[in-house]
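These notes concern the structure reproduced below.
Computed from the coordinates by the stated procedures, all read-outs in this text should not be read as laboratory data. Everything quoted here is computed from the prediction, not taken from an experiment. Glycine also receives a Cβ, built like all others from the backbone with ideal geometry; neighbour counts cover every protein chain displayed.
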């Protein structure tokens, strides 16, 4: 049976966390990097909503929500016991309120928003993570888990919007937690650059290439 295909975009935080779970589970898959301005028709046919990530199986089954991809991969194989740290409420707060403020802080012109107001609201949410991380290395205990991988790409975006400002905040535990994950071999593997995917019957385009199979980074 052919490996599942993951349509992804390198910098998308949702796709990022799906790739992390697939890689840490050791699930082989074919990575197809998507050019957002020219989404492959094959991806749209599999998931008409047109957002990444999309995991397509050889039998036609599709999983097109990042958390569902994470939980599926880890249900197959979970060598680091990530599912033991699946905090649905914390993830919901991240994907809801924190993402709302992140978007309006990072893209104020797009949203017609007050960046400072939304930055302050995001910082208040990070303060709740600081409390947890002040007493334990990761969000759900002593080891990295699904919740850490689910939230980290969004905290990374928040921090990168104004790194000097973020580094100056009283968030030592969050800053340590983020830095450790960004420096991990898993994250380095997840962020490997790949040109946008080219279907075999498409004309040659120097900006696109065929997909590449990926496996566990260990």
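Quick one: angle between helix 172-182 and the longest Cα principal axis of the chain, in degrees between 0 and 90, rounded to 10, please.
Tilt relative to the chain: about 20 degrees.
So how tilted is helix 66-76 from the main axis of the chain? Cα-based, degrees 0 to 90, rounded to 10.
Helix 66-76 sits roughly 70 degrees off the main axis of the chain.
How far, in degrees from 0 to 90, does helix 13-25 lean away from the longest principal axis of the Cα atoms of the chain, to the nearest 10?
70 degrees
For the peptides 26-34, 52-60, 175-183, what is the packing order when you average, over each peptide's residues, the other Cβ atoms within 10 Å and list the highest mean first?
Values: 26-34: 20.1, 52-60: 18.4, 175-183: 16.2.
The most tightly packed comes first, giving 26-34, 52-60, 175-183.
Which residues in the stretch 127-144 have a backbone N closer than 11 Å to a point placed 7 Å from the Cα of residue 169 along the Cα-to-Cβ line?
What the label zone holds, given the 11 Å backbone N cut-off, is 127-130.
Starting from the Cα gyration tensor of the stretch 30-163, take the square roots of the eigenvalues, sort them a ≥ b ≥ c, and report rounded, prolate or oblate (rounded when a/c is under 1.5, otherwise prolate if a/b is larger than b/c, else oblate). Can you show the working numbers first?
Numbers: a/c = 2.68, a/b = 1.18, b/c = 2.27.
Verdict is oblate for the stretch 30-163.
Label-point separation (nm) for residue 199 and residue 114, each offset 7 Å from Cα along Cα-to-Cβ?
The answer from the label model is 4.8 nm.
Rank-order 75-81, 135-141 by packing density, defined as the average count of other C-beta atoms within 10 Å over each peptide's residues, highest first.
Working: 75-81: 13.0, 135-141: 15.3.
With the highest mean Cβ count within 10 Å placed first, the list reads 135-141, 75-81.
For residue 36 and residue 135, what is the calculated FRET efficiency with R₀ set at 45 Å and r taken between the beta-carbons, to the nearest 0.05?
Numbers: r = 40 Å, r/R0 = 0.88.
Efficiency, rounded to the nearest 0.05: 0.70.
With label points built 7 Å along Cα→Cβ from the Cα atoms of residue 192 and residue 59, find their separation and express it in nm.
2.8 nm
Rounded to two decimals, what is Rg over Rh for the stretch 32-72 when you use alpha-carbon atoms and the Kirkwood radius? Before the final figure, lay out each step's value.
Details: Rg = 10.1 Å, Rh = 10.6 Å.
Dividing the radius of gyration by the Kirkwood radius yields 0.95.
Over the stretch 82-187, what is the relative contact order in percent, taking alpha-carbon pairs closer than 8 angstrom and at least six residues apart? Could the numbers behind the result be given before it?
Values: 97 pairs, mean separation 31.7, N = 106.
Reported relative contact order: 30 percent.
Between the stretch 40-71 and the stretch 107-178, how many Å separate their Cα centres?
What the calculation gives is 28 Å, centre to centre.
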